[in-house]
Amino acid sequence: MNTVGLQELVGGALQEKFNKSFERVVENLQDTNTPYKNKR
């Protein structure tokens with residue numbers, strides 16, 4: 001099976017976009033001011 005890394009697609013832009021989005025998700029999960037019942 002062949003695999004392709006995110007860094008190999010669109011000149012690495014996809015990897016950069018993923019990293020930024022993942023960072024936002026982690027920050028949101030760690031935010032104690034966000035009620036747990038609301039959609040994050």
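Structure data summary
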read-out	value
Residue under evaluation LYS37, criteria (1) surrounded by 10 or more Cβ atoms within 10 Å (Cβ to Cβ); (2) charged (D, E, K, R); (3) not in a helix (DSSP H, G or I), criterion not met	(1)
Cβ-Cβ under 9 Å pairs, at least 6 apart or on other chains, segment 6-27 side at positive phi, far side surrounded by 12 or more Cβ atoms within 10 Å (Cβ to Cβ) and assigned to a helix (DSSP H, G or I)	VAL10/LYS17; GLY12/LEU6
Residue match in segment 11-21 (condition: under 17 Å from the mean Cα position of the chain (by Cα) and among the basic types (Lys, Arg))	yes
Residues of segment 13-40 satisfying the condition of being touching a helix residue (DSSP H, G or I) at 6+ places or on another chain (Cβ under 9 Å) and modelled with pLDDT under 85	THR34, ARG40
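Residue-wise test of (1) exposed (fewer than 11 other Cβ atoms within 10 Å of the Cβ); (2) among the β-branched types (Val, Ile, Thr); (3) part of a loop (DSSP other than H, G, I, E, B).
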{"position": "VAL4", "(1), (2), (3)": "yes, yes, yes"}
{"position": "LEU14", "(1), (2), (3)": "no, no, no"}
{"position": "GLU23", "(1), (2), (3)": "yes, no, no"}
{"position": "ASN28", "(1), (2), (3)": "yes, no, no"}
{"position": "THR32", "(1), (2), (3)": "yes, yes, yes"}
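The values are calculated or read from the model by the stated rules, or taken from the named source; none is laboratory data. Only a predicted model underlies this, so the values are computations on that prediction, with no experimental measurement involved. Counting neighbours? That spans all protein chains shown, and the Cβs are built from the backbone with ideal geometry, glycine included.
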